[in-house]
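Note sheet for the following structure.
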Amino acid sequence: MKYSHIDGLDKPISKIVFGTATPKLFAAASDNATEKDKADAFALLDEVYASGINTFDCAAHYGEEILGEWMEVRGIREKCVVITKCAHPNKWRHRVTDFDILSDIHDSLKKLRTDYVDIYMLHRDNREVAVSVVADVLNRLYSEGKIKLFGGSNWTHKRIEELNGYAREHNMQGFTVSSPNFGLAEQIADPWLCDAHFGNGCVTISGRDNADARKWYAENKIPVFAYSSLARGFFSGVFKSDEPEKAKAFLDEPGRIGYFCEDNFEKLRRCEILAKEKNVTVAQIAIAWIYNRDFEVYAISSPVTKEQLDANIAAMDIELSENEGKWLNLERSDV
């Protein structure tokens, strides 16, 4: 496992982050969970932790309860980096408000069985809310020691820049991390069809059209925690680039909405070619592409087997030339 450090945290952060939105953890947290469900979830978390992954991505509506219980039982809270998120919208209203953020952090701390969160992020944005509202409440939680670092999931780099400008002017902490969608696949639509009018939708920095966003992250040295790094299984290797019907059957609805397009099938075809040349898997090529960037990336993934887990870790050691990276991203017609 490879690790990195971010100013403000006194522990290493594994370069691969385990995403807790997985079936086993959902089952263990359900109202009708059995002892077997909990044992299965604990076994998965044990396997992830034994692999060297010490960083876990969860949110107010997934992963917190079972992760908190597991850390408490194992006695390893101080060895883990916990990411959780707040202000997720519901069907009644947008929730990027100071009172929702305060409410969510206290619920999260209780579910996680801890008194602080290592990295706290807003799950969505609302561009009609002034950045001062968000910066003020997060700095209150920071000064109280309830959060160590904070940032935004699905915030554009321009909104982050605006908030950080306000923070500098008022001698406050700003966003030091961000979690957009990022990976080799281009996200062609919001996978969950969120209401984007208020800035509430998913934000991606993938694809040729978002080169300016990636440049901004490199220049400002803001680490990216990339979600859906394998495009919800598009680069899993379960189907091939010439099997669109099989792909349609395998991908869930968000995967089909977000990633089912001609360009992504061409990227998959190119992954298949490089995978064969390098004697690795398609998924490993797609993961390697993420780590061969000029800005700091932590890939969030949710492997369900030890084989997938080991393969993801091994992918970090695969080197891709600049030309190979551009070719995979359809920026070149040949390697």
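The values are calculated or read from the model by the stated rules, or taken from the named source; none is laboratory data. Please read all numbers here as calculations on a predicted model, not as lab measurements. Virtual Cβ from ideal backbone geometry, glycine too; neighbours counted across all protein chains shown. Heavy atoms of the whole protein, side chains included, go into the accessibility calculation; ligands, DNA and RNA do not. Shrake-Rupley method; radii C 1.70, N 1.55, O 1.52, S 1.80 Å.
Quick one: is Ile285 closer than 28 Å to Phe56 by Cα and touching a Cys at 6+ places or on another chain (Cβ under 6 Å)?
yes
In this structure, does Arg140 turn out to be in a loop (DSSP other than H, G, I, E, B) and more than 17 Å from Glu64 (Cα to Cα)? Reasoning before the result, please.
Numbers: in a loop (DSSP other than H, G, I, E, B): no; more than 17 Å from Glu64 (Cα to Cα): yes.
Judged against the criteria, Arg140 is not a match.
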- Please verify whether the stretch 260-282 includes one or more residues that are over 23 Å from Met316 (Cβ atoms), more than 16 Å from the chain's Cα centre (by Cα), in contact (Cβ under 8 Å) with a residue 40 or more places away in the chain and assigned to a helix (DSSP H, G or I). yes
- Task: Kindly provide the set of residues from the stretch 257-294 that are surrounded by fewer than 17 Cβ atoms within 10 Å (Cβ to Cβ) and among the basic types (Lys, Arg), ordered by number.
- Result: Arg269, Lys276, Lys278, Arg293
- Message: Against the definition (over 27 Å from Ile287 (Cα atoms) and among the charged types (D, E, K, R)), how does Glu186 come out, yes or no?
- Response: no
- Task: Mind listing whichever residues of the stretch 299-335 are in a loop (DSSP other than H, G, I, E, B) and buried (at least 16 other Cβ atoms within 10 Å of the Cβ)?
- Result: Ser302, Pro303, Met316, Ile318, Leu320, Asn329, Leu330
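Inside the stretch 245-256, can you point out the residues that are open to solvent by less than 50 Å² (accessible area, probe 1.4 Å) and in a helix (DSSP H, G or I)? Steps first, answer last, please.
Going residue by residue through the stretch 245-256, those that are open to solvent by less than 50 Å² (accessible area, probe 1.4 Å) are 247, 251, 254-255.
Correct list: Ala247, Pro254, Gly255.
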- Item | Count of the stretch 1-36 residues which are in a loop (DSSP other than H, G, I, E, B) and in contact (Cβ under 8 Å) with a residue 12 or more places away in the chain | 12
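Working only within the stretch 126-137, note down all residues that are open to solvent by 20 Å² or more (accessible area, probe 1.4 Å) and either among the hydrophobic types (A, V, I, L, M, F, W, C) or within 21 Å of Ala299 (Cβ to Cβ) (or both). Write out each step before concluding.
Taking the stretch 126-137 as the starting set, the residues that turn out to be open to solvent by 20 Å² or more (accessible area, probe 1.4 Å) are 127-130, 132-133, 136.
Residues satisfying the conditions are Val129, Ala130, Val133.
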- Quick one: how many residues across the stretch 169-221 are basic (Lys, Arg) and either part of a strand (DSSP E or B) or farther than 12 Å from His157 by Cβ (or both)? 2
- Note on the structure: Within the stretch 138-161, residues under 17 Å from Leu102 (Cα atoms), open to solvent by 10 Å² or more (accessible area, probe 1.4 Å) and without any contact (Cβ under 8 Å) to a residue 60 or more places away in the chain come out as Asn139, Arg140, Tyr142, Ser143, Glu144, Gly145, Lys146
